[in-house]
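Working notes, structure below.
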Amino acid sequence: MQKHNAHQPLDQAAQLEQTWRDPPGLPGWFAAINHKSIGKRFIYTTFLFFFLGVAIAGVMRLQLAVPQNSLIGPDLYNQLFTMHGSTMMFLFAVPVMQAMAVYFVPLMIGARSIAFPRLNAFAYWVYLFGGLMLYGAFLLNTGPDAGWFGYVPLAGADYSPGKRVDFWAQMITFTELSALLEAVILITTVFKLRAPGMSLNRIPLFVWSMLVTSFMVVFAMPAVMLGSTALLLDRLVGTHFYNPAEGGDALLWQHLFWFFGHPEVYLIFIPGLGFLSSIIATFARRPIYGYPAMVLSLITTGFLSFGLWVHHMFATNLPELGKSFFTAASMMIAIPSAVQIYCWIATLWTGRLNLKTPLLFALAFFFILVLGGMTGLMLASVPLDLQVHDTYFVVAHLHYVLLGGAIFPLFGAVYYWFPKLTGRLLDERLGRLQFWLFFIGFNVTFFPMHQLGIQGMPRRIYAYAAETGWGPLNFIASCGTLLIVASLACFLANILRSRRSGMAAGDNPWGAGTLEWATASPPPAANFIRLPVVHGQEPLWDMQRHLSEHGQIPSPSYVEGVAANFRQVLATTPLDACPDSRPQFPEPSYWPFLCALATTGLFIGSIFTPWAVVWGSLPVACAMIAWFWPRHVDRVTHAEQEYRSDGA
Amino acid sequence: MVALMAWENPSPADAALPTAAHNALAPAGPQAAHIAGLWYLIVGVCGIVFTLVLLAVLYAIWRAPRATETTPAALHDDNPRIRRSVVWAVIVSTALLILLTVASIATDRVLAGLSLTDAIHIDITAHQWWWEARYDDAQPSNRFTTANEIHIPVGKPVILTLKSDDVIHSLWVPNLAGKKDLIPGRTATLTLQADREGDYRGQCAEFCGYQHSYMAFLLRADVPARYQAWLEAQRQPAAQSAAALESRGRQVFLGGNCAMCHAIEGTGAGGRHGPDLTHLASRESIAAGTLANTPENLARWISDPQAIKPGANMPPTDLPPDDLQALVAYLSSLP
Amino acid sequence: MAPEMHTVAPAPGKGRHSADSNQALDVSSLPTYAFSHRSLMWWGTFGMMLIEGTVFGLMVFSYFYLASHADVWPMSRYAPDLAWGTLNTAVMIASAFPNHWAKRAAEAQDLRKVRGWLLACMMFSFLFLAIRVLEFRHLNVAWDSNAYGSAVWLLLGLHTVHLITDTVDSLVLTVLMFYEPVGGKSYVDVSENGLYWYFVVFTWLPIYAVIYLVPRWIAS
Ligand code: HEA
Ligand code: HEA
Ligand code: CUA
Ligand SMILES: [Cu+2]
């Protein structure tokens, strides 16, 4: 971009680009706060961790392919499955959803920026450093090895000496801090920054799903942060939260963990539902059937998911009566899922189908997630769960729902939105190939695991005797993994190739109806040259309809009066999205990055000495103060532009 | 990481528990049978719903006209037939879900109501990575402790009292009943009953550290007479063979560090860190279902347990070959 | 990553299509800042309060959970001494007044009053932090004595972290308010900080009850 000559008037687009873009060059990279730069990095980073987690799964499947394999010993295997589960749950599945939201939510609601852009950058850096710390520890043979839910007392100081579990617990602090901040950011964005006219009943379903997810994060993640802090305290300064000998209780951890852990799995599922709604509407060429029912289902799922956590603890000696309640609650959560599934079927039924790769991934959901949901119902039944709890049956269930409910829709979403991110389409033929390899490979890998569970194979075992007869099915499962490897290779190849030489996409390659398609691909720094005004649920389709029916687009169609020469945005009212105020947003800054570094120092230091909390908080406080300290330009240049409507 | 990968093949395990059944859908007792019944009900209902959902999706794909990106998007249409179908589908699903809930809770109640008259009580304590079983009796001299092998009489309810000595474990015999966690600081109970004679494999189901994989046990259901005979035998102190080799082995055992961890009734060895060895030779397997109980395996195990079960809480013992041979002979003479 | 422009059918976000003034929604008369839930800051603060309230709630749950599994509670037999905790409760409630007036002054954009009340708030801050130290010393249990001690220390510790962060926040704002010129946004910050202060003070009341009163009720 050429340097702007102050004497020459810029046209609106160039002026906005100048105002909103991140500083150039490598140093500028660390100061970036544009939600699209951060969102992109976030997405790439989550996929990096995904590939690491998946590579680990590959090694695990190699080890389990034949009985009594001596490829890997228990010490490494225990680290591997813990890293696999923790990577997938903490470093991939939840963050990737938030990352997609960081990029797309502001575009879908017609905003110039995400709320609190500096905090957003900070949340990204904290997440990145947490993940790097965990993998650094793993490379130094200090990878966690107590499972992704680290049950005490196994994870306590007596049975897990060394620092492995401490790194794991601290990784949770990093990622949950990041997730909580993102949740607050997204809630604020959705409530305050929607385009004029986008009242609550016009919010795209993906945005709804992220709103529900964010509220769930707010109430769920504190539980695991508190739990893991208490675990660290037990391990480092000798408290007794989980030590039965001194009045503590091992089940306290399980309650705290699953009070988070169960909503956690729906945190992964609900954005997946949002992807599906976006994809199905576009490729069935009609709005999703039953929008109000869809929204209510999302909200109901969010609420109910806080009442299920004990179904992970059926094998403990909790009172039986209580368990029945959780059986009933777990069965009932199928109802909102059913409502959504039936509405999508109605959408497909009455739509006209454009069978492109994103839709294929969406359709796989109906096979894979529904099957996984059915096994979920089996697990929800106390007597059945007592048989298959902690066996490969659960492993099968969790992969069916996680991959069917989140990963397949996510891949669909990547095919769907890649053109928006890069301006280029992914290749259809490779996409179909990837889809079929993934779909078949997935089922070959995970379907046999149901039977293995029934036959008594516990999860988290590094080897098994030949006499158990588990060999053949495990071998089949491992072969299926090869197909998944091939499919991911297609995916990588497709991404790498299409980034350079894919077909140019244009603004709206799929003929979709939501606002992210109303701007260029990739979008300019300010997202929209003119802020849009919305008149319906699918603004672009509504506009086309209006145009064909009335010969003109509905008026007003865009916003005027928001400055282009500094970072001004339009805030609207939370319910009806009426224009409300025009706050000014912060400039790019190094402080979020530096503050994240200081926070990392504090967190890692406190694994080794509690004093790090005291000394480490000094640099954090300094960085925060510097971050929030108003800069001279902020205070002076625009002071005269500030005013309140009531005349103050 | 790499250094830790360098360990020996765990065991070519000449089948430790070759005949033990382990399949949740091959019930051998009332608990597992009721659960299997519930299983078939739920699988049936879910299977039908799953098939219908799939058929609906496939039919929708088949019937819907094809489109491209440029096909104008349709408007909202509120087709009352579609609306009725969706509402009915939700109502029927809800009814089925209620049915499943009721069936599940009813099964729970049936299981809780199974007769416990004349129940046998066995105290189980889980250790990293083996099982201790104590058979209680009103008469102190009839009490005894064994490990990794539980015998029960056919047709009688058995109440297992479950405790843990270290971390959380979970006891599971798929053919007989669901599982139950053994949680330090808490006591739980599990009821099961075998109606068919046979060997059943049990395994620790909750991840408990290094050797979670090899923490199995044998549950043998015997006809009452044979069970009674087994009880009588277990109640005896250890056999005192007079043969030279065995007595030398006994000296090795008592003279070495074995007695610090292992008990052999009637010898002075009273250690409780490891399995009770009083009637070791009567067991099918050693090291919690890891190795068949043969003299060669015993020798391998004693000289280097870490090669077989890395992380197991038993140190390797470097014995001269004759001592080892004598020790093995002694242990093999403890029926 | 220079954006490339494509001309397509009229789309609301694009600047290409000819400016027709009756199609524009003019917002140039809107204020550039606003108080309470009209400001983004309010939503951010609100989110943080939800999160931290959940943390406190879960910690209180954990406390009762541990109590319900104990034979004696408090396990160390002596409940925390009432005096300092009660005094601090009074101080915190009292601090709500200068906080209230600082918030009011900020919303009225009265710089002189904002400065004065913020200074008063700071005095209270230092007072309750000092008393907090004494509170820790009169808990009558160490964090590593038993699970009861661990729970009490963590609960009090969590609240103390909030006192400290709120003090630092307010301190920074106070310094800022003495540092001319102040924009409207700074008043919004003071106002939202006041909201957070209420949160810290009012969450203390249930925590006070749990730490100081519950052991006495359970024991009697
Ligand atoms: C995306 C993630 C996701 C989703 C969506 C779900 C969905 C469900 N899960 Fe699952 N679950 C996990 C992820 C998920 N789960 C994970 C990761 C674990 C393991 C954690 C660990 O131990 O490591 C787990 C474990 C787990 C357990 C504990 C198992 C154990 O450890 O013993 C249970 C028990 O109740 C359970 C139940 C359910 C239920 C009832 C649903 C329901 O929401 C499913 C509802 C959906 C349907 C049922 C399909 C659609 C409905 C219809 C088509 C119509 C109605 C149907 C009928 C009338 C039959 N899950
Ligand atoms: C979103 C979540 C997610 C995803 C996508 C996956 C994906 C996979 N997982 Fe999953 N898994 C979990 C979440 C997930 N998993 C969780 C939460 C647990 C519980 C953990 C615990 O018990 O604590 C678990 C546990 C678990 C187990 C049980 C371990 C045990 O109990 O001992 C197994 C075993 O087979 C397994 C296998 C797989 C496989 C084969 C895949 C496959 O889909 C992936 C296969 C793909 C490949 C193998 C491709 C490999 C690619 C390469 C090698 C090249 C890539 C590298 C670069 C280009 C950089 N997983
Ligand atoms: Cu014991 Cu797993
Ligand atoms: Cu769950």
Item to complete: Take peptide A:172-182, look around each residue's Cβ out to 10 angstrom, count Cβ atoms belonging to other protein chains, and average those counts.
Response: 1
Worksheet item: When the Karplus curve 6.51 cos²θ - 1.76 cosθ + 1.60 is applied with θ = phi - 60°, which whole-Hz ³J(HN,Hα) does each residue of the range B:189-200 get, with x for Gly and Pro?
Response: 10, 9, 10, 8, 7, 10, 9, 10, 4, x, 9, 10
Worksheet item: Can you give the average number of partner chain beta-carbon atoms within 10 Å of each beta-carbon in peptide C:46-59, as a whole number?
Response: 6
Worksheet, complete the sentence: Any lysines whose Cα falls less than 30 Å from that of A:Lys356, other than same-chain ones fewer than 8 residues away, would be A:Lys36, A:Lys40, A:Lys420, C:Lys14
Worksheet item: Taking the highest mean first, how do the peptides B:255-263, B:65-73, A:217-225, A:143-151 order by number of other beta carbon atoms within 10 angstrom per residue?
Response: A:217-225, A:143-151, B:255-263, B:65-73
Worksheet item: Short version: ³J(HN,Hα) in whole Hz for each residue of the range A:328-334, in order, from phi by Karplus 6.51 cos²θ - 1.76 cosθ + 1.60 (θ = phi - 60°), x for Gly and Pro, what are they?
Response: 4, 4, 5, 5, 5, 5, 5
Worksheet item: Across the residues of A:551-562, average count of Cβ atoms on other protein chains within 10 Å?
Response: 6
Worksheet entry | Estimated FRET transfer efficiency (B:Asp78, A:Trp611; beta-carbon r; R0 51 Å; 0.05) | 0.20
Worksheet item: Can you list the residues, at least 5 places off or on another chain, whose amide H is less than 5 Å from the amide H of A:Leu353, using H built in the peptide plane?
Response: B:Arg66, B:Ala67
Item to complete: Taking the Cβ of B:Val252 as the centre, find all other residues whose Cβ is under 14 Å away and add up their charges (Lys, Arg: +1; Asp, Glu: -1).
Response: -2
Discussion item. Quick check: pseudo-label points 7 Å beyond the Cα along Cα→Cβ at A:Glu428 and A:Asn565, how many nm apart are they?
Written reply: 4.9
Discussion item. For a Förster distance of 25 Å, can you work out the FRET efficiency between the beta-carbons of B:Asn142 and C:Asp71, rounded to the nearest 0.05?
Written reply: 0.15
Worksheet item: In terms of Cα to Cα distance under 19 Å, which aspartates and glutamates are near enough to A:Lys163, apart from those fewer than 8 places away along the same chain?
Response: A:Asp75, A:Asp145, A:Asp234
Practice prompt. Write down, largest first, the equivalent ellipsoid semi-axes of the range C:65-220 in whole Å, where each equals the square root of 5 times an eigenvalue of the alpha-carbon gyration tensor.
Written response: 37, 13, 12
Worksheet item: How big is the protein assembly as shown on each of its three principal axes, counting only the C-alpha atoms and giving the largest first in Å?
Response: 111, 77, 53
Worksheet item: For chain B, modelled as a Gaussian network with Cα springs under 10 Å, which listed residue fluctuates most, B:Leu218, B:Leu55, B:Leu190?
Response: B:Leu55
Worksheet item: Amide H to amide H under 5 Å from B:Leu291: which residues, 5+ apart in sequence or cross-chain, H placed 1.01 Å off N in plane?
Response: B:Ile286
Response to the item:
CD proxy, 222 nm, chain B: helix-only mean residue ellipticity via -39,500 (n - 2.57) per DSSP H run with n ≥ 4, per residue, nearest 500, stands at -12000 deg cm²/dmol
Item to complete: May I ask you to list the residues of the range B:292-315 whose amide nitrogen lies under 15 Å from a point 7 Å from Cα along the Cα→beta-carbon direction of A:Asn141?
Response: B:311
Item to complete: Compute the separation of the alpha-carbon centres of the range A:219-254 and the range A:457-532 and state it in Å as a whole number.
Response: 37
Fill in: Per-residue ³J(HN,Hα) for the range A:80-85, Karplus 6.51 cos²θ - 1.76 cosθ + 1.60, θ = phi - 60°, Hz, x for Gly and Pro
5, 6, 5, 5, 4, x
Discussion item. Using only DSSP helix segments of four residues or longer, with each worth -39500 (n - 2.57), what per-residue ellipticity at 222 nm results for chain C after dividing by its residue count and rounding to 500?
Written reply: -23000 deg cm²/dmol
Item to complete: Find out how many positive minus negative residues lie around A:Ala31, taking Lys and Arg as positive, Asp and Glu as negative, among other residues whose Cβ is under 9 Å from that of A:Ala31.
Response: -2
Worksheet item: chymotrypsin sites (Phe, Trp or Tyr not before Pro) within the range C:115-220: which are DSSP loop residues with at most 16 other Cβ atoms inside 10 Å?
Response: C:Phe178, C:Tyr179
Worksheet item: For B:Thr187 and B:His273 in one chain, what is 0.36 nm times their gap in residues minus the Cα-Cα distance, to one decimal in nm?
Response: 29.0 nm
Discussion item. Counting only helical runs of four or more DSSP H residues, what would the 222 nm mean residue ellipticity of chain A come to if each run contributes -39,500 (n - 2.57) and the total is spread over all its residues?
Written reply: -21000 deg cm²/dmol
Discussion item. Taking R0 as 22 Å, what FRET efficiency do you get between C:Ser36 and C:Arg115 from their Cβ-Cβ distance, rounded to the nearest 0.05?
Written reply: 0.50
Fill in: Cross-link partners of A:Lys323 among aspartates and glutamates (Cα-Cα below 13 Å; sequence separation of 8 or more within a chain)
A:Asp385, B:Asp108
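Throughout, read-outs are computed from the coordinates displayed, never taken from laboratory work. This one's a predicted model, so the numbers in the text were calculated from it and none came from an experiment. Cβ atoms come from the backbone with ideal geometry, glycine included; neighbour counts cover every protein chain shown.
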